[in-house]
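The values are calculated or read from the model by the stated rules, or taken from the named source; none is laboratory data. Keep in mind that this is a model prediction, so the values were computed, not measured. Please note: Cβ atoms are built from the backbone with ideal geometry, for glycine as well, and neighbour counts cover all protein chains shown. When the accessible area is computed, the model is the full protein with side chains, heavy atoms only, and any ligands, DNA or RNA have been set aside. Shrake-Rupley method; radii C 1.70, N 1.55, O 1.52, S 1.80 Å.
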Amino acid sequence: MLGLSMRDLRVSFRDLEKPALAVPALDIRPGEKVAVTGPSGSGKTTFINIVTGLERTRHGSVRWSDTELSSLSEARRDRWRSAHVGLVMQEFYLCPGLSALENVLLPGRLSRVRPVAELKAEGLRLLERVEISRPGQPVETMSRGQMQRVAVARALVTRPAIVVADEPTASLDADAGIAVANLLLQLAGEAGTTLIVASHEKRLIERLDRMIRLEAGQVTRDTGALQEMAERDEAF
Ligand SMILES: Nc1ncnc2c1ncn2[C@@H]1O[C@H](COP(=O)(O)OP(=O)(O)O)[C@@H](O)[C@H]1O
Ligand SMILES: [Mg+2]
């Protein structure tokens, strides 16, 4: 399992006066389930992009166990991500024209981290878990809720150590959103993965171990940090 250590992070965009994200120090334990919340524009997606290596870290350190993402080239970050991260995005990014199963298998096939037969068995198992009864159905004929459940299965098929979701329920209606959130938490829980979910869905946030709140690119609340402080106080 992998844990995150972030130090002196600062992400600035050209047209912005203040950094989009500034984090002096933040640690996430292996297997921890973390919600990243905050208003629109507070830096949630920037945080997700930095911890997954989608965005390059130019200032500060972002380390997952032994891997310092800021020192890796884009190609190496891509390779690291395929091997260790399952991603669920707000807009599912499924490939139209391909079936649910083909979509689920795609990232695993590209990264070749598992043998094809094993991958396919796992893909079918996961589709069953997310209640997609026709693995051969073309994704463009599915409801948005079904599409996001396919995306959840796809994120987990390589058994990644880290699962990251950016507003996975934001484009779904309430019922479909709850179904997706339940499955994400259940499957990530069973697999023991480190889970980071950006969301302002209260019912989803409440069910995670820890909440990190961002406002204007700064961490203004971190229930995990409070817990650590309490544990430290108890030790004295
Ligand atoms: N590529 C970019 N170029 C310039 N500004 C950006 C870029 N991406 C994000 N921002 C800005 O950074 C801030 C944080 O954005 P974002 O991380 O997307 O917030 P959230 O996901 O919480 O809505 C916003 O002010 C946004 O406009
Ligand atoms: Mg966002």
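Some notes on this structure:
- Separation between Cα centres of the stretch 104-123 and the stretch 157-185, rounded to whole Å: 20
- Dividing the convex hull volume of the alpha-carbon atoms in the chain by its residue count gives 135 Å³ per residue.
- Estimated FRET transfer efficiency (residue 125, residue 17; beta-carbon r; R0 45 Å; 0.05): 0.35
- Computed over the stretch 65-117, Kirkwood Rh from alpha-carbon pairs, angstrom: 12.9
- FRET efficiency for the residue 29 to residue 173 pair, using the beta carbon distance and R₀ = 41 Å, is estimated at 0.75.
- Close amide H pairs (under 5 Å, H built 1.01 Å from N) link residue 21 with 11, residues at least 5 positions away or on another chain.
- In order along the stretch 75-86, the phi-based Karplus estimate (6.51 cos²θ - 1.76 cosθ + 1.60, θ = phi - 60°) of 3J(HN,Hα) comes to 4, 6, 5, 4, 5, 4, 5, 4, 7, 10, 10, x Hz; Gly and Pro are listed as x.
- The relative contact order of the stretch 1-78, computed from alpha carbon pairs under 8 Å that lie at least 6 residues apart in sequence, is 34 percent.
- Whole-number accessible area per residue in Å² for the stretch 4-235, which is evaluated in the context of all protein chains at 1.4 Å: 50
- Long-range tail of P(r) for the stretch 95-146 (Cα pairs > 19 Å, %): 23
- Volume of the convex hull of the stretch 26-138 (Cα atoms only), normalised per residue: 150 Å³.
- Summary value for the stretch 4-235: 27 percent relative contact order, contacts being C-alpha pairs under 8 angstrom separated by 6+ residues.
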